[in-house]
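Please treat every number below as a calculation from the coordinates, not as lab data. This structure is a prediction, so every number in the text was calculated from the model and none was measured. As a convention, Cβ positions derive from the backbone with ideal geometry for all residues, glycine included, and neighbour counts pool all protein chains shown.
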Amino acid sequence: METYKVLLIGSGGREHALAWGLAKSPMLESLFIAPGNPGTAQFGTNVSLDVDDFEAVLEFIEANGITFVVIGPEKPLVDGLTDYLEDYGHKVFGPSKAAARLEGSKSYSKSIMQKYGIPTAAYHVFERHEVSQIREYISNMDVFPVVLKADGLAAGKGVFICSSAEEASDVLDTILNDVNLSAAADFFVVEEFMQGEEVSVFALSDGQTAKLIGYAQDHKRIGDNDTGLNTGGMGAYAPAPLLDQAALEHIFNTIVQPTIDAMAMEATPYKGVLYTGLMMTSEGPKVVEYNCRFGDPECQVIVPSLEQDLLEMMLMTVSGRLEYASFSSKPGYFCSVVMASKGYPGAYMKGFPIQGLGLVDEDVTVFHSGTAEIDGQIVTHGGRVLNVVGHGMTLQEAIDKAYASVERIQFEGATYRIDIGQKGLRRVASSRP
Ligand code: AMP
Ligand code: GLY
């Protein structure tokens, strides 16, 4: 059996889950994670590389005989790290720069959906210098809320749901006066507001063949019952009972495969994991957004649910062999509760010792997001700190297991939502005969 020396790029909970999955593979010879976190260090060697410095990444790969690179986050993908490394003959899991535009440019992804008839919200694109036209366009609208989006990557902060023309006008000022947001706003997308429940669907694609590997529900708001500010995601569970087999097939046939076909038609084939964020509207599923990577925190419930060897699946994706692959999920449900620092998603303090990591139940896995190790002690080092993932034969059991372990882990200011998975439970209850 051929074995691989893998370099995994990234440092979040998603990458800890990927490292955990890769480490189970008999095809893994060794694993390096750049820059990684104390969680990924359990499965390989963390290396402090600046992943924005493509030359430094290449140098590391060549000096260490790396034979496979897995890119976790969107930024290096959108910046073209895959293309750069492939030009030097390296094998990379993650879409090309051109294909990653599905996430990197909202106006581009909308244009693909429009051109190929993929269901999504009605929209209008404006250039940056057309701010006064945007204001006029919105002031003539009679249906609110309306959604205003900066075109480029904005770390989840570029989407605004505006309940009036005045609010939209203020949002435009906010975007243009914020250094980071403004940099992502060469274009603006003004979009119809879609009503419904959201679900994240994950597929692997080798450029032609797509295969669904899982679907999960994220919890983006900081507060229980989806209240308060948006965050990176406060928890997830999979599979989401919102989708039954017929809905999944419909989504695959009308959205996922058509997207992969569209990218092939555009001569920018999509290879990697495609994360489709969907709104289940009364008119059927519609695309909210595409992401060119695994979701975080969704990855923390999707990877543990996979029956197949993650490394082998990624290799089949890169080498165009997905046609022959079949995927299945472990029985039961997975629920991940994010433990965050007090103050997140606003300002928060770091450096608090974390106690109780060794006290979690069997069937529970803890993936680190923002942690650091100082003198042998794991401390808080980010807004989202830990993901506590429970597995159970029922969703209720998965939820109960996750929370029982959450209660045993302590750090100063630890906060978490207490309703992760409840939406799913309500659906399970209502679908009972
Ligand atoms: P994003 O930052 O692109 O992940 O978008 C953040 C969130 O904004 C999505 O998860 C949705 O909850 C919401 N959103 C984006 N577009 C729409 C839309 N057209 N209608 C309703 N909600 C939306
Ligand atoms: N879970 C949201 C994201 O990864 O973008």
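Starting from the Cα gyration tensor of region 121-164, take the square roots of the eigenvalues, sort them a ≥ b ≥ c, and report rounded, prolate or oblate (rounded when a/c is under 1.5, otherwise prolate if a/b is larger than b/c, else oblate). Write down the numbers at each step before the final one.
Working: a/c = 2.04, a/b = 1.26, b/c = 1.61.
Cα axes put region 121-164 in the oblate bin.
In the structure displayed, which of 115/149; 97/220; 106/157; 106/423; 75/271; 157/350 lie more than 25 Å apart, Cα to Cα?
Details: 115/149 20 Å; 97/220 27 Å; 106/157 13 Å; 106/423 28 Å; 75/271 16 Å; 157/350 22 Å.
As for pairs spanning more than 25 Å Cα to Cα, those are 97/220; 106/423.
Could you pull out every residue, at least 5 positions away or on a different chain, whose amide H is within less than 5 Å of the one on residue 378? Hs are placed 1.01 Å off N in the peptide plane, and Pro or chain starts have none.
Under 5 Å from the amide H of residue 378 lie the amide H atoms of 354, each far enough along the sequence or on another chain.
Within the chain, which complete DSSP H helices have Cα atoms spanning at least 27 Å along the helix axis and a mean Kyte-Doolittle hydropathy of -0.5 or higher? Please report the intermediate quantities before stating the final value.
Working: long enough: none.
The answer is none, since no helix passes both cut-offs.
Going from the alpha-carbon gyration tensor of region 1-149, what semi-axes, largest first and in whole Å, does one get by taking the root of 5 times each eigenvalue? Show your work: numbers first, answer last.
Working: eigenvalues 313, 51, 44 Å².
Semi-axes, largest first: 40, 16, 15 Å.
Would you work out if region 207-286 is rounded, prolate or oblate? Take a ≥ b ≥ c from the square roots of the eigenvalues of the alpha-carbon gyration tensor; rounded if a/c is under 1.5, else prolate when a/b is larger than b/c, oblate otherwise.
Working: a/c = 2.29, a/b = 1.73, b/c = 1.32.
Prolate shape, in that a/c is at least 1.5 and a/b is the bigger ratio.
Classify the chain: rounded, prolate or oblate, from the alpha-carbon gyration tensor (a ≥ b ≥ c, eigenvalue square roots; a/c under 1.5 rounded; otherwise prolate if a/b is larger than b/c)? Don't jump to the answer; show the numbers that get you there.
Values: a/c = 1.33, a/b = 1.18, b/c = 1.13.
Here the chain falls in the rounded category.
What FRET efficiency would be calculated for the residue pair residue 2, residue 48, taking the C-beta separation as r and a Förster radius of 22 Å, to the nearest 0.05? Can you show the working numbers first?
On the way: r = 29 Å, r/R0 = 1.32.
Using R0 = 22 Å, I get an efficiency of 0.15.
Sorted from largest down, give the three principal axis spans of the alpha carbons of region 94-145, whole angstrom values.
41, 26, 18
Report relative contact order for region 1-45 in percent, whole number only (criteria: Cα-Cα under 8 Å, sequence separation at least 6). Mind dumping the intermediate values first?
Values: 71 pairs, mean separation 21.0, N = 45.
Computed value for region 1-45: 47 percent relative contact order.
I'd like the FRET efficiency for residue 142 and residue 267, computed as 1/(1 + (r/R0)^6) with the beta carbon distance as r and R0 of 45 Å, rounded to 0.05. Write down the numbers at each step before the final one.
Numbers: r = 41 Å, r/R0 = 0.90.
Efficiency computed from Cβ-Cβ geometry: 0.65.
Under 20 Å Cα-Cα from residue 330, which lysines qualify once same-chain neighbours fewer than 8 residues away are excluded?
24, 211, 401
Alpha carbon centre of region 229-283 versus region 389-433: separation in Å?
24
FRET efficiency for residue 224 and residue 63, Cβ-Cβ distance as r, R0 = 45 Å, nearest 0.05? Write out the running numbers ahead of the final one.
Working: r = 49 Å, r/R0 = 1.08.
The formula returns an efficiency of 0.40 here.
What's the Kirkwood radius of region 1-65 in Å, using all Cα pairs?
Numbers: mean 1/r = 0.0846 Å⁻¹.
Computed over region 1-65, the radius equals 11.8 Å.
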